[in-house]
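Q: Pasting a structure below so you can have a look.
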Amino acid sequence: MPAQHFIVATAGHVDHGKSALVKALTGTDPDRLPEEKARGITIDLGFAHLELPAPSTLNPQPSTLSLGLVDVPGHEDFVKNMVAGVGSIELALLVVAADDGWMPQTEEHLQILSYLGVRHAVVALTKIDLAEGREADAILKLREELRGSPFETAPIVGISVITGRGIDELKAALATRLAAVPTARDIGK
């Protein structure tokens, strides 16, 4: 059976773990530039590929979901690069660190995604290992911030790239959410 193809982009505040999450999901480090390595922040768009088994809810059911992942910078100085990376995505992977919570670039990225018409998302609550015992509070705060946005009902998955906790759950949430995304109209290009 054929694969169904999607473009997914990260979004979120600087240092909330977007690139580390992409690497944990795919095995590919999206930060490839020497300056990114030296500074420890994403400057330009990074790319990775992820194959997921298709959920049984798809009809007709493809065997796999093929995701092109775009990792965007979270620093306010590179917002133009972020906008370029999310211009034609089917789903946003909104990343919020559990120990830091909702921050200015989280809000800015949410507004950009909303303005560009992105309607589907999965939220990764990263660094959950740094917020032991406070996960439920972090999720409640996220729900408050997302209220009234296109992503208010998006699944929230607690993640630790250090321990691997939540990675399989995030993959399942991505597959399930993408199964609900309407297929792009084929215009012969």
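The values are calculated or read from the model by the stated rules, or taken from the named source; none is laboratory data. Note that the structure is a prediction, hence the values are computed from the model and not measured. Note: ideal-geometry Cβ built from the backbone for every residue, glycine included; neighbour counts use all protein chains shown. Surface areas here come from the heavy atoms of the whole protein model, side chains and all, with no ligands, DNA or RNA. Shrake-Rupley method; radii C 1.70, N 1.55, O 1.52, S 1.80 Å.
Q: Average projected area of the Cα convex hull of the stretch 1-120, in nm²? Each step should come with its number before you reach the end.
A: Numbers: hull surface 31.8 nm².
Quarter of the Cα hull surface area: 8.0 nm².
Q: Now a separate question. How many nm separate the modelled label positions at R134 and E107, each set 7 Å beyond the Cα in the direction of the Cβ?
A: 2.0
Q: With a probe of 1.4 Å, find how much accessible area the stretch 97-189 has per residue, and write the answer as a whole number in Å².
A: Heavy-atom SASA per residue in the stretch 97-189 reads 55 Å².
Q: Connecting C-alpha atoms closer than 10 Å in a GNM of the chain, tell me which of A54, A38, A84 has the biggest fluctuation.
A: Looking only at A54, A38, A84, the largest GNM fluctuation is found for A38.
Q: Which of the peptides 71-77, 11-17, 122-128, 111-117 is most tightly packed, and how do the rest follow, judged by the mean count of other Cβ atoms within 10 Å per residue? If you can, show how the numbers build up before the last one.
A: Working: 71-77: 20.9, 11-17: 24.4, 122-128: 26.4, 111-117: 14.1.
Packing proxy ranking, top to bottom: 122-128, 11-17, 71-77, 111-117.
Q: Tell me what the chain gives for mean residue ellipticity at 222 nm when only DSSP H runs of n ≥ 4 count, each as -39,500 (n - 2.57), the sum divided by the residue total, rounded to 500 deg cm²/dmol.
A: Per the formula, -9000 deg cm²/dmol.
Q: Something else: Taking K and R as +1 and D and E as -1, what net charge do the other residues with C-beta under 15 Å from the C-beta of S19 add up to?
A: Here the charged neighbours net out to -1.
Q: Related question: State the percentage of accessible surface on the chain attributable to carbon and sulfur atoms; use a 1.4 Å probe and exclude ligands, DNA and RNA.
A: Carbon and sulfur atoms account for 53 percent of the accessible area of the chain.
Q: What is the distance, in nm, between label points placed 7 Å from the Cα along the Cα-to-Cβ direction at K37 and at T153?
A: Here the modelled spin labels are 4.5 nm apart.
Q: Right, here's the next one. Is the stretch 53-176 best put as rounded, prolate or oblate by its Cα gyration tensor, with a ≥ b ≥ c the root eigenvalues, rounded for a/c under 1.5, and otherwise prolate when a/b is larger than b/c, oblate when not?
A: oblate
Q: Using amide H atoms built in the peptide plane, which far-off residues or other-chain residues are under 5 Å from T42 H to H?
A: G74
Q: Hey, another quick one. Report the local net charge at G68: Lys and Arg +1, Asp and Glu -1, summed over other residues whose C-beta lies under 12 Å from its C-beta. Display every interim value, and only then the final one.
A: Working: positive: none; negative: E51, D71, E90.
Result for the neighbourhood of G68: -3.
Q: Excluding same-chain pairs closer than 8 in sequence, count the lysine pairs in the chain whose Cα atoms lie under 19 Å apart.
A: Lysine pairs meeting the criterion: 9.
Q: S160: net charge of surrounding residues, Cβ under 13 Å, Lys/Arg +1, Asp/Glu -1, itself excluded?
A: Working: positive: K127, R165; negative: D99, D129, E132, E135, D168, E169.
Within the 13 Å Cβ shell, the charges total -4.
Q: Just by accessible area at a 1.4 angstrom probe, what is the order of F6, F47 from largest to smallest? Let's see the in-between values first.
A: Working: F6 10, F47 120 Å².
Ranked list, largest accessible area first: F47, F6.
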